Amino acid sequence: MDLEMGEDRFFGSSLTILRRFLFRILAVGPIPNHITFIMDGNRRYAKKQNLEQGAGHKAGFPALMSMLKYCYELGVKFITVYAFSIDNFKRRPEEVQYVMDLMQEKIEGLLKEESIVNQYGVRVYFVGNLKLLNEPVRVAAEKAMLATANNTSTLLLICVAYTSSDEIVHSIQNSCQEKWDEMQASKVNGACNGEICKQEKERCAIKLVDLEKHMYMGVAPDPDILIRSSGEMRLSNFLLWQSANCLLYSPSALWPEIGLRHLVWAVLNFQRNHSYLEKKKKHSYLEKKKKQL
Amino acid sequence: MLPNAPNRLLTSVFISFTRTSRPLRVSTREPNFTEEYRNGVVNGRVAGAGAPAREDPLPEGLRRESMPRHVAVIMDGNRRWARARGLPAASGYEAGLRSLRGVVELCCRWGIRVLTVFAFSSDNWVRPKPNVGVSLTLLIDGCCFVLVGLSKLEVDFLMSLFARALRNEGIIPMFDLGALQAILLLNGNIAYNHDFHASNRRDIRVSLIGDSTKLPKALQKLIESVEETTKNNSRLHLVVAVSYSGQYDIVQACQSIALKVKDALIGPEDINEFLIEKELQTNCAQLSHPDLLIRTSGELRLSNFFLWQLAYTELFFAESHWPDFGEPDFIEALRSFRQRQRWYGGQDP
């Protein structure tokens with residue numbers, strides 16, 4: 001028994017050394033700054049393995065931890081995961097409750113000493129319309145954000161009760177409210193002659209930067225790679241605004257089956273297109289500046 | 001005698017104008033431009049040949065109930081296609097135009113209601129290099145419009161696309177303009193002279209979305225005419241996205257909404273997804289959200305095209321470049337779409 005455990009530990013250490021060596025080689029080229037994951041396929045995995053309903057989500061958690069570990073080892077600074085969509089509330093109530101309970105348990109687990117958060121100095125953000133969550137989950141999420149607020153090495157954004165359209169609506173509402181307040185303030189403050197009014201109007205017009213400022217995802221740069229497991233090639237209302245120039249990759253593996261090789265493939269593909277995309281991003285940035293969007 | 005590079009650039013465009021018109025004064029020499037493309041043959045079949053039935057039987061493997069109603073296409077790879085054949089980029093765009101004709105034809109035959117094509121992003125405008133000493137002057141109805149400071153390739157492509165609306169062939173309906181005369185001057189020399197006359201209706205509605213202010217006034221005028229004349233057509237709605245940016249579309253929708261808030265027509269708390277939908281440029285189409293997006297040439301990204309509208313769209317990435325995208329590729333995309341399971345985040349169907 002001890003011999004077997006010893007062998008397992010040796011094997012595990014060897015794999016880790018090999019993996020780190022592989023990452024060293026990858027790091028010769030550009031490393032993506034921000035990778036996002038749509039964790040799709042948990043339910044199909046449960047069906048495939050004849051597990052009970054909901055167990056697929058539990059089986060997906062170790063896969064998430066592995067991918068986070070690989071990304072942080074590789075040097076990726078920002079990771080976003082699509083944990084729960086607003087659309088997912090349409091599922092069976094038992095499944096929704098199961099996922100909520102699982103999330104609460106795992107969020108509380110993140111704060112433990114040995115968790116990945118402390119190992120890699122991860123700051124955790126929960127992104128989405130958190131008011132839609134039940135109270136225990138919301139409280140756990142807020143506690144986790146507070147507890148990790150001083151971590152600065154890496155960022156983990158967990159999208160819960162999130163859809164991109166909800167995020168954009170929220171951003172537009174806040175931008176309009178902000179500009180409305182500014183306009184009211186400027187009316188109160190001064191007499192309005194023609195020239196000042198024109199300047200004020202221009203200042204009060206909503207621009208792209210205003211919208212981006214109010215996005216839930218405004219705390220992170222745009223993603224470089226979006227990985228959706230299970231082979232489905234669609235965004236499902238995830239990061240529509242932010243994935244304008246992002247590499248899309250959809251391996252056929254179900255989320256609990258996702259592994260290192262999928263991440264390596266995605267990074268290699270990213271490196272292949274990197275210089276071209278950097279030029280496009282620079283050009284796009286200059287165009288936006290010119291248009292003063 | 002015209003300089004070589006602009007000559008090659010322009011001849012492929014002129015070919016599309018000259019089939020039923022007067023002989024050119026410009027040489028029509030195009031190196032390596034195959035006979036098939038001259039005759040409008042696409043992938044072995046004559047594009048647009050014959051009058052299509054209203055609803056043709058579908059190819060094997062497709063079912064009417066699982067066909068997308070709105071297909072969007074990013075027509076990528078025209079230049080790479082041309083470069084691979086040692087042709088100028090203009091040839092790539094010309095071949096791309098023929099490919100588009102083929103796809104429009106297929107959409108009409110198979111009952112797809114809306115086809116959106118991404119012609120050029122606002123990220124694609126490139127200033128001409130200073131040593132390219134070509135200026136194109138377009139005279140329409142005696143008015144002179146000079147095309148400067150814009151990408152000639154893109155402008156030529158669009159001129160071909162919309163000018164086909166004025167001729168008795170091609171992808172979009174025609175209308176009677178009388179003796180509209182277009183004269184293209186190349187560095188002051190008359191390069192092309194064409195009279196447009198009308199015939200045929202194919203019942204296709206054409207719209208343009210995007211920032212058309214960057215286009216030459218002549219082209220804007222042309223586009224307005226086409227949009228106005230075709231607005232009641234119902235067989236297929238062809239939406240051409242030019243200088244379009246998904247983010248810009250959302251910003252301009254937001255600005256329209258902000259004006260309504262400023263005028264106290266609505267409060268910020270009234271802003272919702274439906275309001276935003278109404279203000280997006282894609283509100284010109286009844287079905288503004290594509291069911292299927294196809295991007296050619298193997299690039300796995302969206303390039304700032306249709307962001308809001310792609311929330312639940314199935315994405316299909318084809319390896320072939322756009323000029324090579326024909327019926328078999330389209331069928332493959334539609335078969336892939338048929339196999340997708342769409343549950344929009346909810347229960348398994």
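Just so you know, all these numbers are worked out from the coordinates, no wet-lab data involved. The shown structure was predicted, so the numbers you read here are calculated from the model rather than taken from an experiment. Because the Cβ atoms are built from the backbone with ideal geometry, glycine has one as well, and the counts that use them run over all protein chains shown.
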Angstrom value of the Kirkwood radius, inverse mean 1/r, which spans all Cα pairs in the stretch B:242-332: 15.1 Å
Across A:179/B:217; B:231/B:278; A:213/B:278, pairs whose alpha-carbon gap is larger than 30 Å: A:179/B:217
Per residue Cα convex hull volume in Å³ - calculated over the stretch B:212-255: 101 Å³
Other-chain or far-sequence residues with amide H under 5 Å of residue A:37's (modelled H): A:80, A:81, A:82, A:227
Label points 7 Å out from Cα along the Cβ direction at residue B:234 and residue A:143: separation in nm? 6.1 nm
I need two numbers for the stretch A:27-72: Rg to one decimal and Dmax as a whole number, Cα atoms only, in Å. 14.0, 44
By Cβ neighbour count within 10 Å, fewest first, A:181, A:210 rank A:181, A:210
Degrees separating the helix A:194-204 axis from the principal Cα axis of chain A, which is the longest one: 10 degrees
Checking the a/c ratio against 1.5 first, then a/b against b/c, what shape does the Cα gyration tensor give for chain A? prolate
Label-to-label distance, nm, for residues given as residue A:66 and residue A:92 (7 Å Cα→Cβ offset): 2.8 nm
Counting sequence-distant residues (5 or more places) and residues on other chains, those with an amide H built under 5 Å from that of residue B:73 are B:116, B:117, B:118, B:294
Under 5 Å, built H, 5+ apart or other chain: amide partners of residue B:207: B:238, B:239, B:240
Helix A:93-110 vs. chain A, principal-axis angle (Cα, 0 to 90°, nearest 10): 80 degrees
Rounded, prolate or oblate, given the Cα gyration tensor of the stretch A:36-157, with a/c below 1.5 counting as rounded? oblate
Helix A:260-291 sits off the longest principal axis of the Cα atoms of chain A, rounded to the nearest 10 on a 0 to 90 degree scale, by 10 degrees
Given +1 on the Cβ of Lys and Arg, -1 on the Cβ of Asp and Glu, and no further charges, what dipole in debye does the stretch A:79-164 carry about its Cα centre, rounded to the nearest 20? 260 debye
Of the options A:253, A:120, A:132, report the single residue whose Cα projects farthest towards the positive end of the charge dipole of chain A (beta-carbon charges: Lys, Arg +1; Asp, Glu -1). A:253
